[in-house]
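The values are calculated or read from the model by the stated rules, or taken from the named source; none is laboratory data. All values derive from a computational prediction rather than experimental measurement. So basically every Cβ, Gly included, is an ideal-geometry build from the backbone, and we count neighbours across all protein chains shown. Heavy atoms of the whole protein, side chains included, go into the accessibility calculation; ligands, DNA and RNA do not. Shrake-Rupley method; radii C 1.70, N 1.55, O 1.52, S 1.80 Å.
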Amino acid sequence: MAAHLTHWGVFEAESDGQRLTAVRPWRGDPEPTALIENVASAQHHPTRIDQPYVRQGWLEHGPGAAGRGDEPFVPVSWETVVELVSGELNRVYGEYGAEAVYGGSYGWSSAGRFHHAQSQVHRFLNCLGGYVRSVHSYSLGTSQVLLPHVIGSMGLFEGHATAKSVLVEHTELVVAFGGLSPKNSAVSPGGVSRHNTRTWIAAARARGCRFVSISPLRDDIPAEAAAEWIALRPSSDAALMLALAQVLDADGLADKDFLDRFTVGYERFIGYVRGETDGVVKDPAWAERITGLSAGRIRSLAREMAAARTMINVSWSLQRAEHGVQPLWLGVVLAAMLGQIGLPGGGFGHSYGSCAHVGEPARGQSVPRFPQGGNGVSTFIPVARIADMLLNPGEPFDFNGMRLVYPDIKLVYWCGGNPFHHHQDLARLHTAFTRPQTVVVHDAFWTATARHADVVLPATMSIERDDFGSGQNDREFFPMKALTRPHGRSRDDYAIFAELAEHIGVGKEFTEGRTVEEWLRHLYQQWRAGLDDPAVPEFDEFWDSESFTVAVPDPEQVLFADFRADPERFPLTTPSGKIEIFSETIDGFGYADTPGHPVWLEPEEWLGAATRFPLQLVANQPRTKLHSQLDVGAHSQSVKIGGREPVRLHPDDAAARGLRDGDIVRIFNDRGSCLAGLVVDDAVRPQVAQLSTGAWYDPDPADPTFCRHGNPNVLTADRPASTLSQSCAGQLALVEIEPYDGELPDVAVVRPPATVERVS
Ligand SMILES: Nc1nc2c(c(=O)[nH]1)N[C@H]1C(S)=C(S)[C@@H](COP(=O)(O)OP(=O)(O)OC[C@H]3O[C@@H](n4cnc5c(=O)[nH]c(N)nc54)[C@H](O)[C@@H]3O)O[C@H]1N2
Ligand SMILES: Nc1nc2c(c(=O)[nH]1)N[C@H]1C(S)=C(S)[C@@H](COP(=O)(O)OP(=O)(O)OC[C@H]3O[C@@H](n4cnc5c(=O)[nH]c(N)nc54)[C@H](O)[C@@H]3O)O[C@H]1N2
Ligand SMILES: [Mo]
């Protein structure tokens, strides 16, 4: 049995050289997840890409030929495809320069540090002169822009947070905006060795900690929390938080000493809360009308928060929505008003339920990475502006105090991501993808993105190659030996880029003359030499071991403890060195949708403004897979209804529409529609429909706005969360649901696309 690391956990498997014959969770994992079942069942699925393919029109008529996403593919040899891609790269770099190549290539790809797909494609494109890149993530695009202005750059995606073990010991009340989802903390970028969500929550509960989950879904927090469920209207958290602040202020419960010493701008903010600036007191009665919660409960909750050691947890989902800046910033402000930031178990968390690594104490050592080299192009976009960029070359736009211009992209290179899963308003993206002359995609599967490419290069899965890896903040660093040989004629991304680079004449720059094995050894030895720690084994010993346990210097870490102890010596990296409740910087940008302190702003799509589309769609992360990965795998397929993704609806809303459990329904709004299988469930707040992301986009050939499979991104708006962040707001949208009476179309995306033999 050999251990293997995935973003959703570690498994042990046997293999007959071609396929995994036995898969079971790694012995060390106390809370393994069923997501590991997707791997073996998907490996040789018919949607696995078995060899290189080129779109027929592109092959016959050259770059720019129409028909992308709609045409059959022609199987070609590796020799031919290397000729074609290197020739096309030479042409585009030669005619238009590196500024015409988009290589942002956002996506999670697979665990494993060396074969990390983004590192591979970025290094390759850097050898050719560079590429237009993307900044920030779909995960945390608002936070990554806002928090440096408000609390400083605190290694957010690295999960900088007070350790969960400290919460277990000290926290008396967890107020979890967006819950503490056990499905989300199954996952972490790079992998998770020991899942512990239920364990830490049960331990805290056993000690007497109370949990309040503020969320449209009851099961956004594990049963072990025995949580109070406060089912607010989605998108109204900012109003609730303002009312909590109002009660703290009116009752004299705000910690004045803390606010004076550690924050700036409180007076301007509290003037707004008191109604001094706009004549509206943001009290619980005001918030009741917006949130749908009782004013009495809002008032008592504020008092309970002030009376206890309270952790305010704001899930990442709240900032992946229109005006996502506001509840995030208000979470920090509330924690500052309670005066518990920097104390064990109190303060602000972001977010213990969003990924497994949050609240795992920081490692003493990083792990080796594949170097990407230098990018010769400085132009970039905020990651979620991909469609805007392709549709509006030369157009200016605002972002975080800058005025940027969209470049004119001729060639898109994607390796390790699935924009036709992750981006909003997929029909618009479909149009945007008609603009470049050429699209090259590497993937292991015929995802919708591969189907929107001109050249499709078949990548290996991580089980088919040698690597090593470790998740963010994870204590185990694993060798990852190949478990099987590659499927069909697929190749490692590294091997593909090495051959292309060789053909273009930059082979030496890309490979430095090393094979995969030599790179693993080299990167490891370089890393080990930098550590100067005799406890770290030599490469050969590491490679033959199950894993190496990395040191953790401060297992009981408390976020901002230093700052609280000595703010002069350990200032925050904000302009004032303090927590900015009012930001002169943001105020100075003059964005109407992001004033200098947090406020309540009504979104365009929320229940308070719902008319024709009376349901709030929650398009959250899927429970049975990671994003769109291995959607054809057994665990993901086990919850589909009639082959469609499940949508959950409250019994009252189902009854009002004459819908029953198991029905195939049509979900729609003005942007698009999709089919889904209905699950009637009172764990969903009335007026809410939950359809997770991840079903492979399966457009009707005549209508890209209609997905036959249930991808919610045909329904979401491609609207930035704010001008400040230009980030993804895909979590929420307004929709209606009706019975689907038509003849049920096939889900075609679970089969490979049409192919034709080469004509000439
Ligand atoms: N409506 C809505 N949309 C959302 C969100 C939401 O909350 N609501 N959430 C957003 C968030 S937070 C995220 S992070 C994104 C996720 O979006 P993505 O990260 O793009 O989604 P994945 O499905 O993980 O895509 C990874 C792709 O890489 C491929 N792959 C895996 N390993 C390799 C490899 O070694 N080489 C190559 N070449 N390919 C490989 C997989 O087959 C898969 O197709 O989605 C976003 N979209
Ligand atoms: N199983 C699994 N785990 C994952 C992933 C996956 O694809 N599958 N993806 C990973 C990635 S890339 C990321 S970025 C993280 C994302 O982590 P999160 O952003 O925290 O995850 P989501 O599931 O999108 O949202 C969490 C919950 O927020 C609630 N919510 C939505 N809108 C509102 C609102 O307006 N107010 C309140 N109070 N609650 C709201 C929803 O009920 C939802 O279930 O998850 C990671 N974990
Ligand atoms: Mo994410």
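The equivalent ellipsoid that matches the C-alpha gyration tensor of segment 190-322 spans semi-axes of 29, 18, 16 angstrom, in descending order.
Between Ala592 and Arg274, the FRET efficiency estimated from the beta carbon spacing at R0 = 22 angstrom works out to 0.45.
Computing Rg and the Kirkwood Rh from the Cα coordinates of segment 1-49 gives a ratio, Rg/Rh, of 0.98. Our summary of shape: the Cα atoms of the chain have principal axis extents of 80, 68, 50 Å, ordered from largest down, in whole angstrom. Taking a Cβ cut-off of under 14 Å around Asp388, the surrounding Lys, Arg, Asp and Glu residues balance to a net charge of -1, with basic ones at +1 and acidic ones at -1. Here the gap between Glu95 and Ala610, fully extended at 0.36 nm per residue and compared with their Cα-Cα distance, gives a gain of 180.4 nm. Computed about the Cα centre, the dipole magnitude for segment 444-588 is approximately 560 debye when only Lys and Arg (+1) and Asp and Glu (-1) carry charge, each at its Cβ.
By how many degrees, between 0 and 90 and to the nearest 10, does the Cα long axis of helix 141-150 differ from the longest principal axis of the chain? Here the helix axis deviates by roughly 40 degrees. In a simple Cβ point-charge model (Lys, Arg +1; Asp, Glu -1; nothing else charged), segment 196-316 has a dipole of about 360 debye relative to its Cα centre.
Rounded to the nearest 10 degrees, the angle from helix 493-504 to the longest Cα principal axis of the chain is 60 degrees.
Site pair Ala702 and Leu531 shows an inter-label distance of 6.1 nm when each label is modelled 7 Å from Cα along Cα→Cβ.
Taking only the Cα atoms of segment 437-540, the radius of gyration and Dmax are 16.7, 53 Å. Of the peptides 292-298, 215-221, the ranking by mean beta-carbon count within 10 Å, highest at the top, reads 215-221, 292-298. Taken over the chain, lysine pairs spaced eight or more positions apart, or on distinct chains, with alpha carbons under 26 Å apart number 11. Other residues whose C-beta falls under 12 angstrom from the C-beta of Glu645 contribute a net charge of +4, scoring Lys and Arg +1 and Asp and Glu -1.
The mean of 1/r over all pairs of different alpha-carbon atoms in segment 378-518, once inverted, gives a Kirkwood hydrodynamic radius of 17.6 Å. Rolling a 1.4 Å probe over the protein heavy atoms gives the chain an accessible area of 34 Å² per residue. The slack between Ser576 and Glu509, meaning 0.36 nm per residue of separation minus the straight C-alpha distance, is 19.7 nm. Counted residue by residue at 0.36 nm each, then reduced by the alpha carbon distance between them, the extension gain from Arg751 to Thr199 reaches 194.7 nm. Annotation: cysteines of the chain without a disulfide-compatible partner (Cβ-Cβ under 4.7 angstrom) are Cys127, Cys209, Cys355, Cys415, Cys728. Using the alpha-carbon positions of segment 1-129, Rg (one decimal) and Dmax (whole number) come out as 19.5, 56 Å.
When peptides 308-316, 495-503 are ranked by their average number of other Cβ atoms within 10 Å per residue, the highest-first order is 308-316, 495-503.
With θ taken as phi - 60° and the Karplus curve 6.51 cos²θ - 1.76 cosθ + 1.60 applied, the whole-hertz 3J(HN,Hα) list for segment 667-679 is 9, 8, 8, 6, 8, x, 7, 8, 8, 7, x, 7, 10 Hz, x standing for glycine and proline. The ellipsoid equivalent to the alpha-carbon distribution of segment 464-518 has semi-axes of 25, 16, 9 angstrom, derived from the gyration tensor eigenvalues as √(5λ) and listed largest first.
Here the simple spin-label model places points 7 Å from the Cα toward Cβ, and for Ala285 and Ala655 these points are separated by 3.4 nm. A crude spin-label estimate for the pair Thr434 and Asp741, with each label 7 Å from Cα along the Cβ direction, gives 3.3 nm. Ranked by the mean number of other Cβ atoms within 10 Å of their residues, highest first, the peptides 136-146, 64-74 fall in the order 136-146, 64-74. Compared with the dominant principal axis of the Cα atoms in the chain, helix 237-250 is inclined by about 30°.
At a Förster radius of 35 Å, what calculated FRET efficiency corresponds to the Cβ-Cβ distance of Ala2 and Ser638, to the nearest 0.05? Using R0 = 35 Å, I get an efficiency of 0.85.
Adding -39500 (n - 2.57) for every DSSP H run of four residues or longer, then dividing by how many residues the chain holds, sets the calculated 222 nm ellipticity at -8000 deg cm²/dmol. Within the accessible area of the chain, what % is carbon and sulfur when the probe is 1.4 Å and the other protein chains stay in place? Carbon and sulfur: 48 percent of the exposed surface of the chain.
When Asp388, Asp670 are compared by accessible area of protein heavy atoms, the largest-first order is Asp670, Asp388, using a 1.4 Å probe.
I want the local charge near Ala226. Using Cβ-Cβ distances under 11 Å, sum +1 for each Lys or Arg and -1 for each Asp or Glu among the other residues. With Lys, Arg at +1 and Asp, Glu at -1, the net is 0.
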